Amino acid sequence: MQTVSSKAFVLRGLAGIALAFALQAAVFSSETWPQFRGPSGQGTTRQTHLPRVWNRDEGIVWKTVLPGIGHSSPVHDGSVIWLTTAKKDGTSMSAVALDAASGRILHQVTIFTPAQIEEIHHSNSYASPTPVLHQGRLYVHFGTYGTACVETLSGQILWKNTGFPVAHDGGPGSSPIVHGDLLLLTLDGADTQRVVALELETGKMRWTRERSVPYPANPVTKRAFSTPLVIEHRGLPMLISPGAQQCHAYDPQTGQELWHVRFSGFSTVPRPVYNGQHCFLCTGFYQPELWAIDPGGSGNVTRTHIKWKFKGEVSETPSPLIVDDAVYVLSNKGILTILNAETGKRQGVLRMGGNYSASPILADRLAYFCNEEGMVKLVDSALAKPKIIQINRMEERIMASPAVLENDLIIRTDAALYRVHGSH
């Protein structure tokens, strides 16, 4: 894998820097996609004319073969797309930037080259956490191997922090998020389970908080891989942070615990969602449930603030999607269940076909679902009985969640990154 340091990039010529500067200085009318699941962190977009139909010969604006392997989602600022990748054996972990207009690779920056590598689960990668873009900087996180900040204009690494080792026992999965002047990391391993806040400017720790609920002795049941969500409930900011067998709400600025719930699941992956009244949480592997939680409590609210529980086909990996007054939850084996958000009553079921790891997105009442077999399936939620209205086939497996850029889709497969325009 080729490595481009900031010095080498300058020596290669100033043309690339000038292009990147011009692109970043432009004023963009479209929204950015700065983190896992987009601006809201919940997979929704304001764009209303995303592509509906495409194939390998029509509708592909560009395709760029990517170095290495990774399941992280692409993020962008409107002009430059970033993602992370790694060698198959984990000995090199990098950030890659592509010109959104052409797909040309602008930067390839090696972040970490660890000497000791933890074995990963066969369905995971060493570059699964999605990076975060914020004010001209890219924040990348590779779990136990470390966290770093990259200046997006030059590709220069501004800081690294490798001070929070954790035994993932399967590889990294939780994506970092930005709140205020902090970068929030989730480190739920077989040995330690905690949330850490780093200063955006320096990478130094501001606070750390260990999970408060005791765990059983089995280390496997202590792991989790979820990405938290910051909400504001009745004027109070909360970091909703699922772990194994528990979910906590913290003050994102101080790490103070506000409340928690207890459940029996572990290896929790889906990111929670929030509709202004309730948080919706998937409880983890083996017998996953979907819980609706009133976030207005304090302390242990397991007996007092659970609005409802759904015990049918529930996701172990894809995150839920809020569609008007409903919650869409997709099982790994392709069963889509539509639940009333207020009551938890099942309103519909769709057999999607295939296996799913990527989280869905919603644009103008159309829900997009990418499966591991490389199919992108569109569900029209505006119908009385939502149904699949279109199936588009990519050339390779899809594990990463897609992003939206203007009226296009950015889709990462095992081998390449695509910009898809298609027909509407």
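Of the numbered criteria (1) touching a Phe, Trp or Tyr at 6+ places or on another chain (Cβ under 9 Å); (2) not in a loop (DSSP other than H, G, I, E, B), the one S359 fails is (2).
So which of T3, T48 is modelled with pLDDT under 95, touching a strand residue (DSSP E or B) at 6+ places or on another chain (Cβ under 7 Å), under 22 Å from L405 (Cα atoms) and surrounded by fewer than 14 Cβ atoms within 10 Å (Cβ to Cβ)?
Numbers: T3 fails: under 22 Å from L405 (Cα atoms).
Going through T3, T48 in turn, just one is modelled with pLDDT under 95, touching a strand residue (DSSP E or B) at 6+ places or on another chain (Cβ under 7 Å), under 22 Å from L405 (Cα atoms) and surrounded by fewer than 14 Cβ atoms within 10 Å (Cβ to Cβ): T48.
With respect to (1) of a type in the set (F, W, Y); (2) within 21 Å of S315 (Cα to Cα); (3) not in a loop (DSSP other than H, G, I, E, B), the lone exception for F266 is condition (3).
Among the residues making up the range 372-390, those that are in a loop (DSSP other than H, G, I, E, B) and closer than 20 Å to G312 by Cβ are S381, K385, P386. Any idea which of W291, W259, W308 is under 29 Å from H168 (Cβ atoms) and more than 23 Å from the chain's Cα centre (by Cα)? Being under 29 Å from H168 (Cβ atoms) and more than 23 Å from the chain's Cα centre (by Cα) holds for just one of W291, W259, W308, which is W259. Of everything listed in (1) out of contact with any His (no Cβ under 7 Å at 6 or more places or on another chain); (2) under 29 Å from S72 (Cβ atoms); (3) of a type in the set (A, V, I, L, M), the single unmet condition for I293 is (1).
Consider D181 carefully, then state whether it is at pLDDT below 95, over 23 Å from L83 (Cβ atoms) and within 22 Å of the chain's Cα centre (by Cα). No, not satisfied. Can you pull out every residue in the range 89-140 that is among the small types (G, A, S) and either touching a Cys at 6+ places or on another chain (Cβ under 6 Å) or outside any loop (DSSP other than H, G, I, E, B) (or both)? Selection gives S94, A95, A97.
If I go through the range 266-295 residue by residue, how many of them are more than 20 Å from V327 (Cα to Cα) and either buried (at least 24 other Cβ atoms within 10 Å of the Cβ) or touching a strand residue (DSSP E or B) at 6+ places or on another chain (Cβ under 9 Å) (or both)?
Step one: of the range 266-295, the residues more than 20 Å from V327 (Cα to Cα) are 266-267, 286.
Still in the running and either buried (at least 24 other Cβ atoms within 10 Å of the Cβ) or touching a strand residue (DSSP E or B) at 6+ places or on another chain (Cβ under 9 Å) (or both): 266-267.
So the count comes out to 2.
Of all residues in the range 378-421, those satisfying the criterion of being among the hydroxyl-bearing types (S, T, Y) and in contact (Cβ under 8 Å) with a residue 40 or more places away in the chain are S381, S401, Y418.
The values are calculated or read from the model by the stated rules, or taken from the named source; none is laboratory data. What you see is a predicted model, and the numbers here were worked out from it, not measured in a lab. Glycine gets a Cβ as well: all are built from the backbone with ideal geometry, and neighbour counts include every protein chain shown.
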